[in-house]
Amino acid sequence: MADGANKLPAGFNVGDTLAGRYILKKVLNPDTGEAALFVCEYDDFPFLAKIYFPDKAPAAERVDAEKKLNSPYIIKKSDRFTYNGCSCEIMPFFNKADLISSGKAVNDRRLFETIIPNVNEALKNVHDNGLVHGNVRPTNIYYSPFGPDQVLLGDLGIDVSDVKEFSKQTAFAFLPPENAKGIFGPEADYWSLGVTLVMLVTGRGVFDGLNRKQMLKKACTYDMEIPDKASDQLKKIIRGLTVKDYKTRWGYDEIKRCLAGEDVPVVDEYVYEPPTDVYNFDGTPVKGLENIAEAFAQNWSTAVGCVGDPALLEIVDNYAEDKYADVLACSKIEDLDEALFKLIGILNPSLPPYWKGQQIGDIAEFANEMAIAYDKDPYLDALKSGIVSLVAKQRGMGDDIVSKIQQVEQDVKDGGNEEMIAYKLNYYVTGEYTYDFRNITCNSVSDLVQYIRSHIDNLDSICAEFIEDTRFFAWLEVLGYSDQVKAWRASLA
């Protein structure tokens with residue numbers, strides 16, 4: 001694996017030659033969200049190689065549309081091919097020529113005469129061909145090597161309409177408020193241009209220090225902070241581009257008219273609607289993650305169908321972003337009962353653990369209930385799943401007890417006698433290794449032997465009672481006499 005790479009498409013490393021001509025020289029970005037970027041070389045000229053991850057290859061329709069782009073203000077792809085099963089694109093490489101890395105001062109003249117009009121024309125060409133650029137930001141706008149009074153808009157971004165696909169904060173920081181509702185159209189590019197202009201004036205990111213959810217919430221609820229040092233014309237352009245209502249946000253025509261000196265109105269009728277935390281569970285609205293978890297626990301058979309539900313994932317993403325990855329991971333678990341068990345614990349950690357509607361928060365109570373239950377199947381099912389020992393560990397029970405519970409769980413998997421399993425579990429979790437026989441309590445085998453010796457005349461009836469008593473054999477096993485019991489049973493065979 002090449003230096004600096006933490007995720008690269010399989011089969012690509014520095015030094016490789018693509019399509020017999022492009023030599024990979026350096027990893028520029030191992031993961032943009034859809035591809036890895038390499039600096040490559042062909043005939044001693046530098047190029048940028050964009051190598052898509054196998055599941056992120058651009059659709060044929062998008063490729064065809066990109067081929068039609070003909071603006072002099074867009075960096076065009078110079079080559080496309082497939083290599084090692086990955087779609088690859090080659091384009092010119094402008095090293096340290098973007099608006100940030102170049103170090104060139106950005107003043108009103110450069111903004112009004114070059115940057116804004118050039119990017120505006122580039123976006124018009126992109127949108128006229130049915131595309132959304134999706135990657136308008138200072139580090140993707142380059143000073144042209146063909147002249148100082150021209151900039152070029154770089155590579156198009158990820159082709160998605162789902163805001164959650166933007167995994168990189170650098171990209172997420174340029175997304176507009178409507179993305180909170182899954183809307184992603186050409187208007188998003190003009191919002192990104194507005195954010196770009198603010199960054200160029202202030203020298204810092206608009207959403208620095210915020211996570212994804214905080215960025216989007218700020219975009220939805222706060223007016224863009226425009227620095228006082230910006231000229232009146234620039235302030236108006238930024239306000240027009242950062243209108244929260246995408247339907248009235250400025251676009252190509254408004255920018256062009258404003259640059260020509262026309263007084264263009266800024267209209268924003270956006271009303272923020274916070275995302276809902278109400279989940280429609282089996283026809284009943286349930287508000288809040290903790291209550292959703294409780295409803296799932298008490299309606300298990302219905303709730304298993306909710307694991308991985310996009311509506312639930314959206315609520316988690318909006319109100320508990322730190323839990324989103326764990327909740328999403330539950331949807332990948334094949335056993336839906338196990339997935340639901342973990343999901344409930346994530347949504348409401350304070351809720352006693354449940355398994356198929358059976359509460360198992362208190363292991364001792366669980367064991368007692370199992371011992372007297374006529375139908376032991378729900379308890380056996382919980383033991384077979386391994387959930388009981390997991391809960392015991394979560395509840396801080398000692399490693400020795402957890403290990404013994406795991407032995408009982410293995411007995412269930414091996415098809416052991418359910419009565420024996422219930423008694424053994426009860427012994428292990430209560431720690432009371434006593435056996436009640438004919439009105440006496442035996443704390444050890446010695447106590448029982450002493451009783452037998454004092455009632456030797458009734459040995460036959462005592463032995464017959466032992467043989468019929470499953471609890472007796474469970475007691476012997478937990479005391480460590482399982483080998484002797486096995487040997488005795490073998491002698492009878």
>> Quick check on region 445-493: of everything there that is assigned to a loop (DSSP other than H, G, I, E, B) and free of Cβ contacts under 8 Å to residues at least 40 places away in the same chain, which residue is farthest from Asp400 (Cα to Cα)?
In response: His455
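Please find, among Gly396, Gly415, the residue that is modelled with pLDDT of 90 or more, loosely packed, with under 11 Cβ neighbours inside 10 Å and on the phi > 0 side of the Ramachandran plot. Break it down into steps so the answer makes sense when it comes.
Working: Gly396 fails: modelled with pLDDT of 90 or more.
Exactly one residue qualifies, and that residue is Gly415.
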> Being farther than 30 Å from Glu121 by Cβ, in contact with a Gly (Cβ under 7 Å, 6 or more places away or on another chain) and not in a helix (DSSP H, G or I), is that true of even one residue in region 307-320?
Replying inline: no
>> Restricting to region 73-86, and then to whatever is surrounded by 13 or more Cβ atoms within 10 Å (Cβ to Cβ) and touching a Phe, Trp or Tyr at 6+ places or on another chain (Cβ under 9 Å), can you tell me which residue is farthest from Gly147 (Cα to Cα)?
In response: Asn84
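Within region 438-474, track down each residue that is of a type in the set (Val, Ile, Thr), surrounded by 13 or more Cβ atoms within 10 Å (Cβ to Cβ) and over 20 Å from Ala422 (Cα atoms).
Hits for region 438-474 are Val445, Ile452, Ile462.
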> Considering only region 120-141, how many residues are among the basic types (Lys, Arg) and crowded, with 20+ Cβ neighbours inside 10 Å?
Replying inline: 1
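For the condition hydrophobic (A, V, I, L, M, F, W, C) and under 30 Å from the mean Cα position of the chain (by Cα), what is the one hit in Leu289, Leu241, Leu259, Leu200? Break it down into steps so the answer makes sense when it comes.
Numbers: Leu241 fails: under 30 Å from the mean Cα position of the chain (by Cα); Leu259 fails: under 30 Å from the mean Cα position of the chain (by Cα); Leu200 fails: under 30 Å from the mean Cα position of the chain (by Cα).
Exactly one residue qualifies, and that residue is Leu289.
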>> Against the definition (touching a Lys or Arg at 6+ places or on another chain (Cβ under 7 Å) and under 21 Å from Ala392 (Cα atoms)), how does Val412 come out, yes or no?
In response: yes
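Please work out if Pro349 is under 28 Å from the mean Cα position of the chain (by Cα) and free of Cβ contacts under 8 Å to residues at least 12 places away in the same chain.
Details: under 28 Å from the mean Cα position of the chain (by Cα): yes; free of Cβ contacts under 8 Å to residues at least 12 places away in the same chain: yes.
Yes.
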> Could you say which residue among Asp253, Asp223, Asp245 is in a helix (DSSP H, G or I) and surrounded by fewer than 19 Cβ atoms within 10 Å (Cβ to Cβ)?
Replying inline: Asp253
>> Considering only region 372-379, I want to know if a residue exists there that is assigned to a helix (DSSP H, G or I), touching a residue at least 24 places away in the same chain (Cβ under 8 Å) and assigned by TED's automatic domain parsing to the domain that holds Ala311.
In response: no
> Looking at region 48-68, which of its residues are under 11 Å from Glu34 (Cβ atoms), in contact (Cβ under 8 Å) with a residue 60 or more places away in the chain and assigned to a loop (DSSP other than H, G, I, E, B)?
Replying inline: Pro58
> Would region 69-78 turn up any residue that is touching a helix residue (DSSP H, G or I) at 6+ places or on another chain (Cβ under 8 Å), in the same structural domain as Val201 (by TED's automatic domain parsing) and not in a loop (DSSP other than H, G, I, E, B)?
Replying inline: no
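Within region 31-43, track down each residue that is at pLDDT below 90 and either in contact with a Ser or Thr (Cβ under 7 Å, 6 or more places away or on another chain) or not aliphatic (A, V, I, L, M) (or both).
Going residue by residue through region 31-43, those that are at pLDDT below 90 are 31-35.
Once the filter is applied, which keeps residues that are at pLDDT below 90 and either in contact with a Ser or Thr (Cβ under 7 Å, 6 or more places away or on another chain) or not aliphatic (A, V, I, L, M) (or both), region 31-43 yields Asp31, Thr32, Gly33, Glu34.
Would you confirm whether any residue within region 45-61 is surrounded by 13 or more Cβ atoms within 10 Å (Cβ to Cβ) and under 17 Å from Thr139 (Cβ atoms)?
Filtering region 45-61 down to residues surrounded by 13 or more Cβ atoms within 10 Å (Cβ to Cβ) leaves 46-53, 56-58.
Narrowing the set further to residues that are under 17 Å from Thr139 (Cβ atoms) leaves 48, 50.
So far as region 45-61 goes, yes, one or more of its residues are surrounded by 13 or more Cβ atoms within 10 Å (Cβ to Cβ) and under 17 Å from Thr139 (Cβ atoms).
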>> Let me spell it out: the conditions are (1) under 31 Å from the mean Cα position of the chain (by Cα); (2) among the aliphatic types (A, V, I, L, M); (3) exposed (fewer than 15 other Cβ atoms within 10 Å of the Cβ), and Val304 meets all of them except one. Which number is the exception?
In response: (3)
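The values are calculated or read from the model by the stated rules, or taken from the named source; none is laboratory data. All values reported here derive from a predicted model rather than from experimental measurement. As a convention, Cβ positions derive from the backbone with ideal geometry for all residues, glycine included, and neighbour counts pool all protein chains shown.
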